[in-house]
Amino acid sequence: MDLMPIAEALKASSLSEWMRGSLRALPVIESIHVMAVAVVFGTIAIIDLRLLGLRDASRPFTRVFRELLPYTWAAFGVAAVTGVLMFLPNATTYVVNTAFGLKLASLALAGVNMAVFEFTLLRSVAAWDTANPVPARARAAGAVSLLIWTAVIVFGRWIGFTKGYDFSVPKEIDFDFLGTLLQSVGPHLRG
Amino acid sequence: MVHGFAQWLQSTRLSVTIQSVDWIIPTVQSIHIVTIALVFGSLLTIALRVLGRVRTDQPLPAVLERFVPWIRNGILVLAATGLVLIVGEPVRELMSLSFWVKMGLLACGIVSAAAFCRSVERRPAGGDPGPTTAAKWGAVATVVLWLLIIFLGRAIAYDVEVWGPLSLSPRA
């Protein structure tokens, strides 16, 4: 599907025009985006560390999960709105930006991971709420979540470094080191 | 004077190396952001506990025991990665009003956090009357302070746009 006509329409929207017309709009909105990202990742990490049994092992999982999730979602809403505002004035370049695509794919994966967790493992949470270690699949969900959300941040930051290079990841920046990193970290996450 | 220092730093071999390897700055920035998220998440949880919103099943000292090491170690990682970013892009960082305001707020943030921890430690065990009104305002102020620190960290890249004529940037 060709996204370019849609991107061009979005770029021509009045909201996009307002973003481009204001000197301060982009920096202010981008800074708010980072504040929101900090809350999203910071709260999710606390939940994931409980799943992994690394922290808060003595607290019921549902307490850790339910008390933080409203803050995660509120911050995610702010991140999404500011993210869309940042996207609009750059829409045509973002849709062909590899780092942006990878970030959206990571966000989708995070959503799938969370949905699977909620609809399968969380249904049976009564059986393992106070357990440590929690079932292996729940631990895996926690590890996967941490990795994916880290990827979201890394790719998000990478967008800013690929804009100046014909708006795609330049050849001289390779992602091989990410593969090497995963290979070296991977074995320690098992168990 | 600062400009001269920044230009000298930019010409050092270490700085030139950081500048010449494309992935160093974005990677270090990514680590910096992941770490600030972990630090802020910890700080926010302590603040929400003081406000009685989360972890009311845990005594405050237990909450501090869980999160203070993350804040302390996180700040060390932030300082180390921040230093790499300064050495790699000295003019962009040091010639930025956001950077210096951020450093000022950071000093306040660290001092107030340390003072808060000390006041909790000094309280008598048992018969805990719960956080005082002052502690609650302190919690809110700390969260706002660290949000500003995060905001200014990102704003460093846009000194002219954000500060206009006040900007320290040579672009101004």
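Details
- Only one of B:SER112, B:SER15, B:SER96, B:SER11 that is among the hydroxyl-bearing types (Ser, Thr, Tyr) and at pLDDT below 95: B:SER112
- Criterion (over 17 Å from B:LEU94 (Cα atoms) and either modelled with pLDDT under 95 or basic (Lys, Arg) (or both)) met by exactly one of B:SER30, B:SER20: B:SER20
- From B:SER11, B:SER96, residue being surrounded by fewer than 20 Cβ atoms within 10 Å (Cβ to Cβ) and of a type in the set (Gly, Ala, Ser): B:SER11
- Residue ID - least open to solvent (accessible area, probe 1.4 Å), chosen from residues in region A:26-64 that are more than 18 Å from the chain's Cα centre (by Cα) and closer than 22 Å to B:GLN29 by Cα: A:PRO27
- Only residues that are open to solvent by 90 Å² or more (accessible area, probe 1.4 Å) and not in a loop (DSSP other than H, G, I, E, B) were counted across region A:128-137, and they come to 1.
- In summary, B:LEU60 fulfils each of the numbered conditions (1) more than 14 Å from chain A (Cβ to nearest Cβ); (2) over 25 Å from B:ALA113 (Cα atoms); (3) touching a residue at least 12 places away in the same chain (Cβ under 8 Å); (4) not small (Gly, Ala, Ser) with the single exception of condition (2).
- First in region B:5-28 and more than 10 Å from chain A (Cβ to nearest Cβ), second anywhere and surrounded by fewer than 14 Cβ atoms within 10 Å (Cβ to Cβ) and not small (Gly, Ala, Ser), Cβ under 9 Å, 6 or more apart: B:GLN10/B:VAL16; B:ILE24/B:THR17
- Boolean, B:HIS32 is more than 8 Å from chain A (Cβ to nearest Cβ) and over 18 Å from the mean Cα position of the chain (by Cα): no
- Hey, B:PHE40 crowded, with 20+ Cβ neighbours inside 10 Å, within 10 Å of chain A (Cβ to nearest Cβ), in contact with a Ser or Thr (Cβ under 7 Å, 6 or more places away or on another chain) and in contact (Cβ under 8 Å) with a residue 24 or more places away in the chain or not: no
- Here A:ASN90 fits the description: open to solvent by less than 60 Å² (accessible area, probe 1.4 Å), over 18 Å from the mean Cα position of the chain (by Cα) and not β-branched (Val, Ile, Thr).
The values are calculated or read from the model by the stated rules, or taken from the named source; none is laboratory data. As the structure is a prediction and not an experimental result, all values here were calculated from the model. Cβ: placed from backbone, ideal geometry, glycine included. Neighbour counts: every protein chain shown. Just the protein is used for accessible areas: all its heavy atoms, side chains included, with ligands, DNA and RNA removed. Shrake-Rupley method; radii C 1.70, N 1.55, O 1.52, S 1.80 Å.
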